[in-house]
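Below: one structure, written as structure tokens.
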Amino acid sequence: MQVPYNYLDRQFADVEDYFQDLRKLVATGEFTLGPFVEAFEKKFAAYVGAKHAIGTNTGTGALILSLKAVGVGPGKEVITVANTFIATVGAIVAAGGRPVFVDCDDRYQIDVSAIERAITVNTAAILPVHWAGAPPDMDRILEIANRRGIPVVEDACQAVGAKINGRCAGTFGKTGTFSMHPIKPLNVWGDGGIIVTDDDKIAKFLRLYRNHGMVDRDHIEIWGVNDRLQPFQAVVGSRVLDTVEGLIEKRIHNAGLLDDGLKGLEAKISRPQRLAGHREVYQLYLVTTKRRDEFVRFLISRGIEAKVHYPIPIHLQNAARDLGYKRGDFPVCERQSDEVVTLPAHQYITGEQIAYILAVIREFYAE
Ligand SMILES: Cc1ncc(COP(=O)(O)O)c(C=O)c1O
């Protein structure tokens with residue numbers, strides 16, 4: 001049996017409705033920002049429960065713009081977690097800031113107890129990541145941030161639809177950022193990003209900055225860039241958003257089957273704790289195991305496309321050499337990078353495929 005990681009051909013097997021919508025867009029000629037982008041932004045804001053949503057080119061752009069909006073620039077530091085996708089950290093550098101890492105915990109989320117020690121007079125933002133689609137402890141992060149007067153920018157790029165006690169990921173900080181890259185359930189036929197905020201001033205800045213700082217064609221209020229969401233992508237995103245809850249529920253169902261099936265194997269393969277009140281959306285279904293590379297090779301040899309997110313922690317990447325970190329600085333993150341595995345659990349995986357994954361895992365450990 002084959003269990004592929006990619007599913008995009010199936011998500012868009014029937015595109016007729018999308019083409020109908022796109023015909024309407026093409027008939028208007030509204031190809032930069034305009035009513036289709038505005039309509040999607042409103043719809044997305046309502047979906048996550050935020051006052052404003054601002055579409056961007058990419059999730060990375062959403063992060064860079066957010067960091068600039070809260071005052072990150074040269075001489076400023078941004079605290080984030082060492083186990084994330086490189087874009088989180090690249091965005092800090094692109095905004096002119098310096099990344100300051102803290103370790104993660106056994107849920108693969110930022111170790112909140114380490115944040116306060118990392119704060120200096122130069123700290124301009126705290127950037128927690130909803131890694132794998134699971135929320136970190138946002139209450140404690142906000143408690144520290146509010147007490148110390150530091151803005152929080154959330155990297156919810158993997159976490160559309162994730163929640164803590166009914167409140168969506170991305171709505172806790174000054175801004176929350178999302179990716180609509182093809183591998184996300186809410187995707188827009190190419191790269192795309194979106195920022196949410198309840199802060200009118202920040203929303204105004206973001207709308208100006210992503211569009212050359214233009215108030216209108218003849219009036220430039222601030223220096224800006226071109227970081228706009230494309231209207232055709234807003235049209236696609238709007239239709240995908242109608243289906244996204246169903247896709248997320250299917251992922252949650254599949255993750256539950258894997259969780260149940262892995263019970264009893266705890267000595268060999270560890271699952272993170274699932275917190276009450278947290279809705280995880282399983283962008284990545286992560287486990288850790290001691291013989292990781294052998295395990296991944298075995299799964300792949302049986303047709304199961306397992307992945308590793310990621311084998312080299314960011315603080316040990318060549319790009320990070322100027323930051324002065326070394327092996328041993330973030331032991332939990334480093335251990336996870338040796339042991340972590342992503343199992344396919346997306347919305348198109350069937351019950352039979354999950355049963356097959358579990359059987360192959362049991363076979364590996366029975367050897
Ligand atoms: C945690 C995280 N942050 C940021 C990004 C960047 O998003 P994009 O690829 O849309 O630029 C991603 C993309 O996968 C991500 O997983």
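The values are calculated or read from the model by the stated rules, or taken from the named source; none is laboratory data. Quantities reported herein were computed from a predicted structural model and do not represent experimental measurements. Every residue, glycine as well, gets a Cβ built from its backbone with ideal geometry; the counts of neighbours run over all protein chains shown. These area figures cover heavy atoms from the full protein model, side chains too; ligands, DNA and RNA do not enter into them. Shrake-Rupley method; radii C 1.70, N 1.55, O 1.52, S 1.80 Å.
Picking from residues in segment 255-293 that are assigned to a helix (DSSP H, G or I) and in contact (Cβ under 8 Å) with a residue 12 or more places away in the chain, the one that is farthest from Glu352 (Cα to Cα) is Arg292.
When Phe12, Phe19, Phe36 are checked against the criterion of being at pLDDT below 95 and over 25 Å from Ile164 (Cα atoms), a single residue qualifies: Phe12. Of the residues that make up segment 158-174, is at least one part of a helix (DSSP H, G or I), away from the ligand (no atom under 11 Å from the Cβ) and modelled with pLDDT of 95 or more? No. For segment 261-288, the tally of residues that are over 19 Å from Lys307 (Cα atoms), surrounded by fewer than 18 Cβ atoms within 10 Å (Cβ to Cβ) and of a type in the set (D, E, K, R) stands at 3. Please pick out the residue among Ile349, Ile361, Ile357 that is touching a residue at least 60 places away in the same chain (Cβ under 8 Å), outside any helix (DSSP H, G or I) and either surrounded by 13 or more Cβ atoms within 10 Å (Cβ to Cβ) or assigned by TED's automatic domain parsing to the domain that holds Arg98 (or both). Going through Ile349, Ile361, Ile357 in turn, the sole match is Ile349. Scanning segment 1-22 for residues that are farther than 18 Å from Asp242 by Cβ and either of a type outside the set (Phe, Trp, Tyr) or assigned to a helix (DSSP H, G or I) (or both) returns Met1, Gln2, Val3, Pro4, Asn6, Asp9. Could we say that Gly237 is open to solvent by 10 Å² or more (accessible area, probe 1.4 Å) and over 16 Å from the mean Cα position of the chain (by Cα) here? For Gly237, the condition - open to solvent by 10 Å² or more (accessible area, probe 1.4 Å) and over 16 Å from the mean Cα position of the chain (by Cα) - is not met. For segment 175-197, residues that are within 13 Å of the ligand (Cβ to nearest atom) and in contact with a strand residue (DSSP E or B) (Cβ under 6 Å, 6 or more places away or on another chain) total 7.
The lone criterion from (1) open to solvent by less than 50 Å² (accessible area, probe 1.4 Å); (2) closer than 27 Å to Ile92 by Cβ; (3) part of a loop (DSSP other than H, G, I, E, B) left unmet by Ala320 is number (3).
Residues are listed down the side, and each one gets a yes or a no for (1) in the same structural domain as Glu38 (by TED's automatic domain parsing); (2) farther than 18 Å from Gly71 by Cβ; (3) among the hydroxyl-bearing types (Ser, Thr, Tyr):
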position	(1), (2), (3)
Cys157	yes, yes, no
Gly161	yes, yes, no
Arg167	yes, yes, no
Thr175	yes, no, yes
Gly190	yes, yes, no
Val196	yes, yes, no
Ile222	yes, no, no
Pro231	yes, yes, no
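Pairs linking a residue in segment 164-186 that is closer than 12 Å to Thr197 by Cα and of a type in the set (A, V, I, L, M) to a residue that is within 16 Å of the ligand (Cβ to nearest atom) and outside any loop (DSSP other than H, G, I, E, B), with Cβ atoms under 9 Å and 6 or more positions apart or on different chains, are Ala169/Gly133; Ala169/Met138; Ala169/Glu154; Ala169/Gly176; Ala169/Phe178. Among the criteria (1) assigned to a loop (DSSP other than H, G, I, E, B); (2) assigned by TED's automatic domain parsing to the domain that holds Lys201; (3) in contact (Cβ under 8 Å) with a residue 60 or more places away in the chain, the one Val72 does not fulfil is (3).
In segment 49-68, of all residues being away from the ligand (no atom under 16 Å from the Cβ) and either under 10 Å from Val153 (Cα atoms) or touching a Ser or Thr at 6+ places or on another chain (Cβ under 6 Å) (or both), the one that is most open to solvent (accessible area, probe 1.4 Å) corresponds to Gly49. Residues being at pLDDT 95 or above and within 20 Å of Ile110 (Cβ to Cβ) are represented in segment 342-349 by at least one member. When the residues of segment 81-113 are filtered to those that are open to solvent by 10 Å² or more (accessible area, probe 1.4 Å), among the small types (Gly, Ala, Ser) and within 12 Å of the ligand (Cβ to nearest atom), the one that is farthest from the chain's Cα centre (by Cα) is Ala94.
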